[in-house]
Amino acid sequence: MKKFSVVMNDEIHQQLFNHLIREDGDEDLCFATYVPSSGSKRFTGILSEVIFPLDGEREVHGNVGFMPEYFERVLRIATERKQGIGFLHSHPSEGWQGMSRDDVTAETRISPAVFATTGLPLLGLTLGTDSSWSARFWLKDKTVKRKYNRDWCETVRVIGKGLKITFNDNLVTPNFDSKKQLRTISAWGERTQEDLSRLRIGIVGLGSVGSIVAEILARTGISNFTLLDFDAVEEKNLDRLTNVFKSDIGRAKVLAVKDGIRRSATSPKIYVDCCEYSVCEKNGFENALNCDIIFSCVDRPWARQVLNFIAYAHLIPVIDGGIMVRTNKRNTKIVGSDWKAQTVGYRRACLECLGQYKTENAILEKSGMMDDPSYIKGLKDSAFINAHENVFVFSSHLASMEVLQMLSLFIIPSGVADVGQQLHHFVTGSMEVDTSKVCNENCYFPTVQGKGDYSGIEVFAKHKIAEKFRLSRRVSNGK
Ligand SMILES: [Zn+2]
Ligand SMILES: [Zn+2]
């Protein structure tokens, strides 16, 4: 069954709060437009712009209501923009809000016109006085004419420097074990644990760092995972994959790591979606759009480019990391090693501007050239392609830094959501922190911010290597 969610940036949230939560305590209303973000299991509405009422377009005293002129103006604007319509109002109480009979009447009444005009379901939202949101979509009934059914959202997400989520308690119940997680809960309280247990976390790339991130999250009480990797376990991976053993050789990495999560998990209920595709393929891309936060544990430029796109266009924050090991010419001695962790997305510099990948390399990989031995042989410096040197302890430190970035983003300890880009040096044991970076003036990614499915480009494509790997696995598993 499809799940539903809403995401908005903190600027829109603030505009709506200022308008809807009135000093006189009365309820108020307004409309907004939204664009869809379609994951394989989750449909999200990304609020794009508020359409405030003009004088005389609504009545606030007594029973709040809008005039037909206002609704007609909204229909015209949404049609011009080719976007969906959200109808918003406030309640004078706190937390996720239910609906009064009048609310239901108002939203069912406008659902047919909204769907007929925009082709997208009406999105209803209610704001509480404590900044909690609640939301539902009104979907056309497949069999009964002119009937619209209410599908409640599981979450409403507000993204600023931090990520704030209101959860629908009826659909996503808190899921933790206060005995097993006693020490964790004593560190940050039950409320935080409840919310952590309801997040859906994507881990893209189940290599060394990704498998350790999975282990840390499972112990911490994360309960909903989406794992993405097209690769299988090989003998040479055994020195650096966590919870992966000799008996896993030949199995998909996502399946091996899933078993590990189940063993290590401290939450009573664990849900793991395994996707044996690259995030650069349609299937992998759509799985990533189901998530609230994504870990980028990949070492290739194309996947980084796609994840960077998701962070901006779909407003899903991405936490990325990378390790660089330098050896002497004969590879007999380590000269140095550094690793970086950063969170990208709304209000933050992107992976490309942070120097985590180059567009030309992403294009090269997409074209297949990067995996063509004759092409690589001709390159003067192929180091960026074959940089696979790594040690478990470097990865575990980086994995820990990445999860800490996630906790800053979501828990916002003492009000700090963004710790900046962190660069750790193995040789000196020191860490540099840079909180000043912003996207370059001409960066493409801020231009697709919040555009979701309507960004106008298709970032996924056929991934020959991933297809080849899956095929060889099926063959070898079949023996
Ligand atoms: Zn109401
Ligand atoms: Zn940028």
Mind listing whichever residues of the range 174-199 are within 20 Å of VAL272 (Cβ to Cβ) and in contact with an Asp or Glu (Cβ under 9 Å, 6 or more places away or on another chain)? PRO174, ASN175, PHE176, ARG198, LEU199
If you go through the range 190-201 one residue at a time, do you hit one that is crowded, with 24+ Cβ neighbours inside 10 Å and among the small types (Gly, Ala, Ser)? yes
Considering only the range 51-71, I want to know if a residue exists there that is in the same structural domain as HIS13 (by TED's automatic domain parsing), in contact (Cβ under 8 Å) with a residue 24 or more places away in the chain, more than 27 Å from the chain's Cα centre (by Cα) and closer than 27 Å to TYR312 by Cβ. yes
Applying the selection to the range 152-190, what residues are in a loop (DSSP other than H, G, I, E, B) and of a type in the set (Val, Ile, Thr)? VAL172, THR173
Filtering the range 344-369 down to residues that are in contact with a Lys or Arg (Cβ under 8 Å, 6 or more places away or on another chain) and either within 16 Å of ligand 1 (Cβ to nearest atom) or outside any loop (DSSP other than H, G, I, E, B) (or both) yields ALA362, GLU365
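A quick yes/no check of all residues on (1) touching a helix residue (DSSP H, G or I) at 6+ places or on another chain (Cβ under 6 Å); (2) among the hydroxyl-bearing types (Ser, Thr, Tyr); (3) more than 30 Å from GLY452 (Cα to Cα); (4) free of Cβ contacts under 8 Å to residues at least 60 places away in the same chain:
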{"site": "LYS253", "(1), (2), (3), (4)": "no, no, no, yes"}
{"site": "ALA265", "(1), (2), (3), (4)": "yes, no, yes, yes"}
{"site": "LYS269", "(1), (2), (3), (4)": "no, no, yes, no"}
{"site": "CYS275", "(1), (2), (3), (4)": "yes, no, no, yes"}
{"site": "PHE285", "(1), (2), (3), (4)": "no, no, no, no"}
Every residue from the range 117-151 that is in a strand (DSSP E or B) and among the β-branched types (Val, Ile, Thr): THR126
Output the residues belonging to the range 225-251 that are within 20 Å of ALA303 (Cβ to Cβ) and either free of Cβ contacts under 8 Å to residues at least 12 places away in the same chain or part of a strand (DSSP E or B) (or both). PHE225, THR226, LEU227, LEU228, ALA232
Give all pairs with beta carbons closer than 7 Å in which a residue from the range 427-440 that is farther than 16 Å from VAL335 by Cα and in a strand (DSSP E or B) meets a residue that is within 16 Å of ligand 2 (Cβ to nearest atom) and not polar (S, T, N, Q); count only pairs at least 6 apart in sequence or on separate chains. VAL433/GLY420; ASP434/GLY420
In the range 191-224, anything of a type in the set (Gly, Ala, Ser), closer than 20 Å to THR343 by Cα and either not assigned by TED's automatic domain parsing to the domain that holds ARG263 or not in a loop (DSSP other than H, G, I, E, B) (or both) is listed as GLY202, SER208, GLY210, SER211, ALA214
Answer from LEU255, LEU315 - the residue that is hydrophobic (A, V, I, L, M, F, W, C) and under 21 Å from the mean Cα position of the chain (by Cα): LEU315
Filter pass, GLU23 being within 15 Å of ligand 1 (Cβ to nearest atom) and either surrounded by 15 or more Cβ atoms within 10 Å (Cβ to Cβ) or not basic (Lys, Arg) (or both): no
Number of the condition not met by ARG101 [criteria: (1) within 11 Å of ligand 1 (Cβ to nearest atom); (2) within 34 Å of the chain's Cα centre (by Cα)]: (2)
May I ask you to say which residue of THR108, THR126 is modelled with pLDDT of 95 or more, more than 30 Å from PRO413 (Cα to Cα) and over 22 Å from the mean Cα position of the chain (by Cα)? THR108
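The values are calculated or read from the model by the stated rules, or taken from the named source; none is laboratory data. Quick caveat, the model's predicted, so the values are computed rather than measured. Don't worry about glycine lacking a Cβ; one is built from the backbone with ideal geometry, like all the others, and counts go over all protein chains shown.
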